[in-house]
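The values are calculated or read from the model by the stated rules, or taken from the named source; none is laboratory data. Please read all numbers here as calculations on a predicted model, not as lab measurements. Don't worry about glycine lacking a Cβ; one is built from the backbone with ideal geometry, like all the others, and counts go over all protein chains shown.
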Amino acid sequence: MKKIILSLTFVMMSVVLMAQAKKPTIMVIPSDAYCARNGYTTEWVDENGTKNTVSDIANIFKQDDVEDLRLVISELSKIMADRGFALKDLEQTLKSIQQETVEMNLLESSSSGSYITESMLDKVVRTAKADIIIDLDFTVMQKGPQRYISYNMRGLDSYTNKVIAANSGVGSPSTSAPVNLLLEEAVLNYMDSFRAQLMAHFEDMSRNGREVVVKLRVWDNADVDFESEFDFEDDYLELTDIISYWMEDNTVNHAPTRTNATATYLSFEQVRIPLYKERNGRMSALDARGFANGLRSYLKKEPFMIESKIYERGLGEVWIIIGEK
Amino acid sequence: MGNRYIRLISMFVGLFLAVQLNAQNKNSDNQTDYYNYEVEQIGIGQDGTKLLLVWVDAKKVDEGIELAKRNAVAACLFKGIQASGQSEKIPAIVPQGITSENQEFFDDFLQLKDKKSGGKYLRFITKTGSQYQEKNKKGYRISLEVQVSYNDLRDYMISQGMAKSLNFLF
């Protein structure tokens, strides 16, 4: 009997140890300041006649003078790949999206000749995105005959918008070193500290769970909203409070922050979800969608009987829209 | 007369033992003191290396040079190196430092090189540069430029289970 218990414990421990959390994707994107300074922007006028300027990331790599940017991104990619964290390449992702669009427009069914359906939302979603953005800015500065690099790099969580790592400073001035050497030196100088900050973020994640954002909305034809009352734990509570209790019960820190609560909109930030959940006797990685599925399933049961749709914005943000699918 | 003679011999023996014990303690301090020294970054090395300037106190110059090399590695492992000039801070590879779990490993890895053993840390010293020494009452104050293969050192510590990989969770 003892042997069986010991074996079972060993197997369970092995399963827990073997489970791996979902790995976030990381992408380097030039900052808005970099794009504006170098003229990589595009302008458009909205329906109110206001002129807007936005970074033209989609076309940035078609410009002639982006060798420096390419060099810095390559250097960062090389270093991160050495650390077991291959970066998602922005230039390649943009090309891939363009190619996919061409292929989708040409692809037709062999039996009926019908085309692939793509909603406006699908088109919007099909953009270059990553879970962690490395927002990069650098300038080659000149002081008399000397050149030096001003460098700024921030790691941002795409969903919580929190800065998880940041480095900035100026490099050593030089009269003889070419710009690419100065840039390489800048990347090497900041990368170890940047890596240590990323490591601290992942260690915090392993201790306290992944931080995600959960937003709840209501379809306009729904017969229920967040002020609807239900008989719950010997009391009549509004759906807002019931959902808040569910969030508290199912998060690692039991203290997610409810940042908005109206009849039609509820949002929770600092939602720390477990990295793993047990499924079919083994631990599998959990992301925001997997976590929200628990809430969707809870709302579908008695006494609520509310149908809802899950819209996944990525590894760390999910929307639940109640009322129907 | 006989008693005086015995007392004198006892005093000498006592004095000799005290001096020996003190010397042994000092050696032992140098051997296992992984934190008390001065270290500074003197530039951004080639990819994966760090250029450091280390100051140590030692009785002999040879001993001091060996200690400086060992302490350069110890600094990368436990203390990290503060930002200086245009160089960004170098983070410690083993930020938790010496613990009861890793003490045995690091005592072996960082054991100073002598004729018979020690010096395992030397494989992560790429090269040494300018050396400066100044004689004082206690011995020598020595400074030595050392290039450490920081990335290789970190990878080795990860492979030995002494440090975490950035990938540890995924």
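Looking across the range A:41-64, the residues that are of a type in the set (Asp, Glu) and at pLDDT 85 or above come down to A:GLU43, A:ASP56. Within this structure, A:LYS88 fails the test of being basic (Lys, Arg) and free of Cβ contacts under 8 Å to residues at least 12 places away in the same chain. From the list B:PHE124, B:PHE105, the lone residue that is surrounded by 16 or more Cβ atoms within 10 Å (Cβ to Cβ), within 27 Å of B:LEU166 (Cβ to Cβ), out of contact with any Phe, Trp or Tyr (no Cβ under 6 Å at 6 or more places or on another chain) and away from chain A (no Cβ under 14 Å) is B:PHE124. For beta carbons closer than 6 Å, sequence separation of 6+ or different chains, a first residue in the range A:232-260 that is surrounded by fewer than 16 Cβ atoms within 10 Å (Cβ to Cβ) and a second that is part of a strand (DSSP E or B) and among the small types (Gly, Ala, Ser), the qualifying pairs are A:THR259/A:SER267; A:ASN260/A:SER267. Can you spot a residue in the range A:83-96 that is among the aromatic types (Phe, Trp, Tyr) and assigned to a helix (DSSP H, G or I)? There is no residue in the range A:83-96 that is among the aromatic types (Phe, Trp, Tyr) and assigned to a helix (DSSP H, G or I). Apart from one condition, A:MET141 fits all of (1) assigned to a loop (DSSP other than H, G, I, E, B); (2) within 14 Å of chain B (Cβ to nearest Cβ); (3) of a type in the set (A, V, I, L, M, F, W, C); the exception is (1). Screening the range A:284-308 for residues that are touching a residue at least 60 places away in the same chain (Cβ under 8 Å), touching a Phe, Trp or Tyr at 6+ places or on another chain (Cβ under 8 Å) and farther than 20 Å from A:PRO24 by Cβ and picking the one that is surrounded by the fewest Cβ atoms within 10 Å (Cβ to Cβ) gives A:PRO303. Residues that are surrounded by 12 or more Cβ atoms within 10 Å (Cβ to Cβ) and either within 17 Å of the chain's Cα centre (by Cα) or away from chain A (no Cβ under 14 Å) (or both) within the range B:83-102 comprise B:ALA92, B:ILE93, B:VAL94, B:PRO95, B:GLY97, B:ILE98, B:ASN102, listed in sequence order.
Give the residues of the range A:209-222 that are in contact with an Asp or Glu (Cβ under 6 Å, 6 or more places away or on another chain) and either at the interface with chain B (Cβ under 10 Å from one of its Cβ atoms) or not aromatic (Phe, Trp, Tyr) (or both), sorted by residue number.
A:VAL213, A:VAL218
For the range A:238-325, the strands (runs of 3 or more DSSP E) that sit wholly inside it and include 1 or more residues that are closer than 26 Å to A:VAL224 by Cβ are A:257-261, A:265-273, A:308-314, A:317-322.
Here's the yes/no breakdown for (1) in contact with a Lys or Arg (Cβ under 9 Å, 6 or more places away or on another chain); (2) surrounded by 15 or more Cβ atoms within 10 Å (Cβ to Cβ):
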position: A:TRP44; (1), (2): yes, no
position: A:THR50; (1), (2): no, no
position: A:THR53; (1), (2): no, no
position: A:PHE61; (1), (2): yes, yes
position: A:ASP65; (1), (2): no, no
position: A:GLU75; (1), (2): no, yes
position: A:LEU94; (1), (2): no, yes
position: A:SER109; (1), (2): no, no
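The residues of the range A:115-140 that are surrounded by 10 or more Cβ atoms within 10 Å (Cβ to Cβ) and more than 20 Å from A:ARG154 (Cα to Cα), listed by number, are A:TYR115, A:ILE116, A:GLU118, A:ASP122, A:LYS123, A:VAL125, A:ARG126, A:THR127. Could you tell me whether the range A:261-283 includes any residue that is over 26 Å from the mean Cα position of the chain (by Cα) and surrounded by 17 or more Cβ atoms within 10 Å (Cβ to Cβ)? No, there is no match, as no residue in the range A:261-283 is over 26 Å from the mean Cα position of the chain (by Cα) and surrounded by 17 or more Cβ atoms within 10 Å (Cβ to Cβ). Of the residues examined, A:ILE320 is one that is within 14 Å of A:LEU216 (Cβ to Cβ) and within 20 Å of the chain's Cα centre (by Cα). Can you confirm whether the range A:186-208 contains a residue that is surrounded by fewer than 20 Cβ atoms within 10 Å (Cβ to Cβ), touching a strand residue (DSSP E or B) at 6+ places or on another chain (Cβ under 8 Å) and away from every other protein chain (no Cβ under 11 Å)? The answer is yes; a qualifying residue exists.
Scanning the range B:90-134 for residues that are aliphatic (A, V, I, L, M) and in a strand (DSSP E or B) yields B:ILE90, B:ILE125. For the subset of the range B:135-155 comprising residues that are surrounded by fewer than 18 Cβ atoms within 10 Å (Cβ to Cβ) and not in a strand (DSSP E or B), which member is farthest from the other protein chains (Cβ to nearest Cβ)? Checked the range B:135-155; the qualifying residue farthest from the other protein chains (Cβ to nearest Cβ) is B:LYS137.
Applying the set (1) in contact with a strand residue (DSSP E or B) (Cβ under 9 Å, 6 or more places away or on another chain); (2) surrounded by 21 or more Cβ atoms within 10 Å (Cβ to Cβ); (3) modelled with pLDDT of 85 or more; (4) part of a helix (DSSP H, G or I) to B:ASN30 leaves exactly one unmet item: (3). In the condition set (1) part of a loop (DSSP other than H, G, I, E, B); (2) touching a residue at least 24 places away in the same chain (Cβ under 8 Å), B:PHE168 is compliant with all but (2).
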